[in-house]
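The values are calculated or read from the model by the stated rules, or taken from the named source; none is laboratory data. Every value quoted in this text rests on a predicted model; they were computed, and no experiment measured them. For neighbour counting, all protein chains shown are included, and Cβ atoms are generated from backbone atoms with ideal geometry for every residue, glycine included. Ligands, DNA and RNA are stripped out before the accessible areas are found, and what is left, the full protein with its side chains, is counted by its heavy atoms. Shrake-Rupley method; radii C 1.70, N 1.55, O 1.52, S 1.80 Å.
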Amino acid sequence: MHKDFFIYQAQTTKFAAGFEVEKAVGSYIYGTDGKRYLDFVAGVSANTLGHSHPKIVDAIKEQADKYLHVMVYGEYAQEKPIALCRLLAEATPDPLEVTYLVNSGAEAIDGSLKLAKRYTGREEIVSFKNSYHGNTHGALSVSGNETHKREFRPLLPMVSFIEFNNEDDFDKITEKTACVILETIQGAAGFLVPNNDYLIKLKRRCEEVGALLILDEIQPGFGRTGKLFSFEHFGIVPDILVMGKGMGGGVPVGAFMSSREIMETLSHSPKLGHITTFGGNPLIAASSYATLKEVLESGLMNEVEEKEKLFRELLVHPKIKNINGKGLMLAVNLGTPEYTLEVAKKCMEKGLIVFWQLYRNEYLRISPPLTLSLDEIREGCQIILDILNEN
């Protein structure tokens, strides 16, 4: 399997691990080597409820026994997609009320940009330096790291970039701006959190000039920061909300939400303003609905603050420079990319899965399942500390 992985499957780096997976249950991934590995990454924030959660597996099996794909998105009424969209509307504040289901977070970003342009009739987009929104051409166009974009130009025109948490850049948001798009918590940049009421002031500026505010919650949702979406910590509601990753509980999905007034503009002039074959797939929607229902009803979000506190109490070491982030999306600064990659490798050898931040490789990524226990936190942190002491 290891050999065939490198022969037949396209690679994204020259240093893929090629780890052979046998099964995954709860907080652990089991390799074909017979070892179990504690998972502090959760498929890069995707496995919100851990691996093979029984309610998710049962929901998928139940739907599979009824039917799979029956029609392209938006034509037929199907139980699970409707239930998911209804529950999202009930769980989010006004004016978020209508959801467009798609296949990934990146597609949701593209759809949200089209929606903002269609509704406002404007062409200019403002995004953020060091932002990351995905790798489709649209999502890449509004991502803020030139190293990852350079070889794929030309990208979308009329996109400008401002600095996160810098209010002096607000004058670049004008009456020509269709939308401002940002991650509520900047992910690839090292889990940077907005400060000094920054989001409130940004939303005010958008309202002043008639631009829409798009918040990318692909990583924080569902529940990773102790709220269903992280914007709920910061006193605002976006005009368009984008989600993905953890909303599926381990299956590929994305969505964007807005008011009915804004969302209806995709249905006419032209019709099919956005179209997707497999968006709203009933099997995926069943998994996502089960995930959302469990996150809302289980009390797991109420445990996030305690779990974050324990991580921060345990991960104290001279080699740890600082820890960014909120809730169960934490970035541990180990000083240099080379050392961080070495620590990640040693952790894997000792049975702990960690990762690194896309742009800031000096940060060790910790984004475990919400279901991770306090004892499992202690177990994993001890492995990290042991490695820091040894190397």
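When residues in the stretch 185-199 are screened for being without any contact (Cβ under 8 Å) to a residue 60 or more places away in the chain, part of a loop (DSSP other than H, G, I, E, B) and crowded, with 22+ Cβ neighbours inside 10 Å, 1 of them pass.
Among the residues making up the stretch 1-25, those that are open to solvent by less than 90 Å² (accessible area, probe 1.4 Å) and over 29 Å from Leu370 (Cα atoms) are His2, Asp4, Phe5, Phe6, Gln11. Candidates in the stretch 97-125 are the residues that are more than 24 Å from Thr277 (Cα to Cα) and open to solvent by less than 40 Å² (accessible area, probe 1.4 Å); of these, the one that is farthest from the chain's Cα centre (by Cα) is Thr120.
Are any residues in the stretch 53-79 hydroxyl-bearing (Ser, Thr, Tyr) and in contact (Cβ under 8 Å) with a residue 40 or more places away in the chain, and if so, which ones? Tyr67, Tyr73, listed by residue number. Here Gly254 clears all of (1) more than 22 Å from the chain's Cα centre (by Cα); (2) within 17 Å of Cys85 (Cβ to Cβ); (3) touching a residue at least 24 places away in the same chain (Cβ under 8 Å) except the condition numbered (1).
Take Gly43 and decide whether it is small (Gly, Ala, Ser) and either at negative phi or assigned to a loop (DSSP other than H, G, I, E, B) (or both). Spelling it out, it is not the case that Gly43 is small (Gly, Ala, Ser) and either at negative phi or assigned to a loop (DSSP other than H, G, I, E, B) (or both).
Residues checked against (1) within 18 Å of the chain's Cα centre (by Cα); (2) within 17 Å of Tyr359 (Cβ to Cβ); (3) acidic (Asp, Glu):
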{"site": "Glu167", "(1), (2), (3)": "no, no, yes"}
{"site": "Glu175", "(1), (2), (3)": "no, no, yes"}
{"site": "Ala189", "(1), (2), (3)": "yes, yes, no"}
{"site": "Tyr198", "(1), (2), (3)": "no, no, no"}
{"site": "Leu213", "(1), (2), (3)": "yes, no, no"}
{"site": "Glu217", "(1), (2), (3)": "yes, no, yes"}
{"site": "Gly226", "(1), (2), (3)": "yes, no, no"}
{"site": "Pro238", "(1), (2), (3)": "yes, no, no"}
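Candidates Phe128, Phe152: the one that is aromatic (Phe, Trp, Tyr) and loosely packed, with under 15 Cβ neighbours inside 10 Å is Phe152. For the criterion of being under 24 Å from Arg378 (Cβ atoms), open to solvent by 60 Å² or more (accessible area, probe 1.4 Å) and not β-branched (Val, Ile, Thr), Lys35 passes. The criterion of being closer than 25 Å to Thr48 by Cβ and either of a type in the set (Asp, Glu) or in a helix (DSSP H, G or I) (or both) does not hold for Met257.
Filtering the stretch 269-323 down to residues that are basic (Lys, Arg) and outside any helix (DSSP H, G or I), which residue is least open to solvent (accessible area, probe 1.4 Å)? Only one residue fits best here, namely Lys319.
Does Leu155 count as modelled with pLDDT of 95 or more, within 14 Å of Val242 (Cβ to Cβ) and not charged (D, E, K, R)? Spelling it out, it is not the case that Leu155 is modelled with pLDDT of 95 or more, within 14 Å of Val242 (Cβ to Cβ) and not charged (D, E, K, R). Residue check: Glu362 meets all listed conditions (1) acidic (Asp, Glu); (2) open to solvent by 60 Å² or more (accessible area, probe 1.4 Å); (3) more than 24 Å from Tyr28 (Cβ to Cβ) but one, namely (2). Pairing residues of the stretch 370-387 that are within 23 Å of Phe229 (Cα to Cα) with residues that are assigned to a loop (DSSP other than H, G, I, E, B) and of a type in the set (A, V, I, L, M), at Cβ distances under 6 Å and at least 6 apart in sequence or on separate chains, gives Thr371/Leu49. Output the residues belonging to the stretch 109-161 that are aliphatic (A, V, I, L, M), assigned to a strand (DSSP E or B) and within 18 Å of Lys203 (Cα to Cα). Listed by number, the residues that qualify are Ile125, Val126.
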